[in-house]
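Novice: Sharing a structure here in structure tokens format.
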Amino acid sequence: MIDTERIAELQAEIGAEDLSCIVSVYLEEARATLAQIAAGLTEEDHARAIHFLRSGALNIGLSGVADVAGKMTCRAASSRDDCADRFRDVLDHTMAEVTDSLA
């Protein structure tokens with residue numbers, strides 16, 4: 001789910017090109033964070049990673065991504081990859097929608 005009001009607000013403030021750049025940077029950083037989660041983090045670092053994923057998504061209007069990030073409590077080694085994969089799928093789907101809407 002995309003917060004279209006937030007996207008429109010950001011486009012009005014910084015323009016579609018800069019917003020596209022910010023979304024791209026978030027995508028790169030989110031993927032790097034997912035790799036860290038999949039590799040295993042301390043409980044404190046895991047909480048920070050989830051906070052980054054959630055707050056970054058909310059800041060740029062990716063409310064569906066933020067909801068999924070908020071539910072990522074996959075700390076057991078056996079579930080880290082599945083958890084990261086689920087988030088990655090939602091992230092990819094949402095980013096495709098955002099990219100289409102900014103084009």
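The values are calculated or read from the model by the stated rules, or taken from the named source; none is laboratory data. From a predicted model like this one, the values you see are computed outputs, not experimental measurements. For neighbour counting, all protein chains shown are included, and Cβ atoms are generated from backbone atoms with ideal geometry for every residue, glycine included.
Novice: Tally the residues that are small (Gly, Ala, Ser), over 15 Å from the mean Cα position of the chain (by Cα) and assigned to a helix (DSSP H, G or I), restricting the search to the stretch 12-37. Let's see the steps before the verdict.
Specialist: Of the residues in the stretch 12-37, the ones small (Gly, Ala, Ser) are 12, 15-16, 20, 24, 30, 32, 35.
From what is left, the residues that are over 15 Å from the mean Cα position of the chain (by Cα) are 12, 15-16.
Okay, now just the ones that are also assigned to a helix (DSSP H, G or I), so 12, 16.
Residues in the stretch 12-37 being small (Gly, Ala, Ser), over 15 Å from the mean Cα position of the chain (by Cα) and assigned to a helix (DSSP H, G or I): 2 in total.
Novice: Does Met72 qualify as being at pLDDT below 85, crowded, with 16+ Cβ neighbours inside 10 Å and farther than 14 Å from Ile7 by Cβ? Can you show your working first?
Specialist: Details: at pLDDT below 85: yes; crowded, with 16+ Cβ neighbours inside 10 Å: yes; farther than 14 Å from Ile7 by Cβ: yes.
Spelling it out, Met72 is indeed at pLDDT below 85, crowded, with 16+ Cβ neighbours inside 10 Å and farther than 14 Å from Ile7 by Cβ.
Novice: Within the stretch 21-43, does at least one residue satisfy the condition of being over 21 Å from Val98 (Cβ atoms), in contact with an Asp or Glu (Cβ under 7 Å, 6 or more places away or on another chain) and either touching a residue at least 24 places away in the same chain (Cβ under 8 Å) or surrounded by 13 or more Cβ atoms within 10 Å (Cβ to Cβ) (or both)?
Specialist: Our first condition is that a residue be over 21 Å from Val98 (Cβ atoms); within the stretch 21-43, this holds for 35-43.
Restricting the remaining residues to those that are in contact with an Asp or Glu (Cβ under 7 Å, 6 or more places away or on another chain) gives 38.
If we keep only those that are either touching a residue at least 24 places away in the same chain (Cβ under 8 Å) or surrounded by 13 or more Cβ atoms within 10 Å (Cβ to Cβ) (or both) too, we end up with 38.
Yes: one or more hits.
Novice: Also, I was wondering about something else. Report yes if Gly56 is assigned to a helix (DSSP H, G or I), in contact (Cβ under 8 Å) with a residue 40 or more places away in the chain and of a type outside the set (A, V, I, L, M), otherwise no. Steps first, please.
Specialist: On the way: assigned to a helix (DSSP H, G or I): yes; in contact (Cβ under 8 Å) with a residue 40 or more places away in the chain: no; of a type outside the set (A, V, I, L, M): yes.
Considered against the rule, which asks whether it is assigned to a helix (DSSP H, G or I), in contact (Cβ under 8 Å) with a residue 40 or more places away in the chain and of a type outside the set (A, V, I, L, M), Gly56 comes out as no.
Novice: Now a separate question. For the stretch 4-32, which residues satisfy the criterion of being acidic (Asp, Glu) and within 22 Å of Ala49 (Cβ to Cβ)?
Specialist: Of the residues in the stretch 4-32, the ones acidic (Asp, Glu) are 5, 9, 13, 17-18, 28-29.
Passing the criteria: Glu28, Glu29.
Novice: From Arg80, Arg48, Arg6, which residue is at pLDDT 90 or above, more than 27 Å from Asp100 (Cβ to Cβ) and either charged (D, E, K, R) or in a helix (DSSP H, G or I) (or both)?
Specialist: On the way: Arg80 fails: at pLDDT 90 or above; Arg6 fails: more than 27 Å from Asp100 (Cβ to Cβ).
That would be Arg48, the only listed residue that is at pLDDT 90 or above, more than 27 Å from Asp100 (Cβ to Cβ) and either charged (D, E, K, R) or in a helix (DSSP H, G or I) (or both).
Novice: Can you name every residue in the stretch 25-37 that is closer than 19 Å to Thr94 by Cβ and either touching a helix residue (DSSP H, G or I) at 6+ places or on another chain (Cβ under 8 Å) or modelled with pLDDT under 90 (or both)? Show your work before the answer.
Specialist: Step one: list which residues in the stretch 25-37 are closer than 19 Å to Thr94 by Cβ, which gives 25-35, 37.
If the condition is that a residue be closer than 19 Å to Thr94 by Cβ and either touching a helix residue (DSSP H, G or I) at 6+ places or on another chain (Cβ under 8 Å) or modelled with pLDDT under 90 (or both), then Tyr26, Leu27, Glu29, Ala30, Arg31, Thr33, Leu34, Ala35, Ile37 are the ones that fit.
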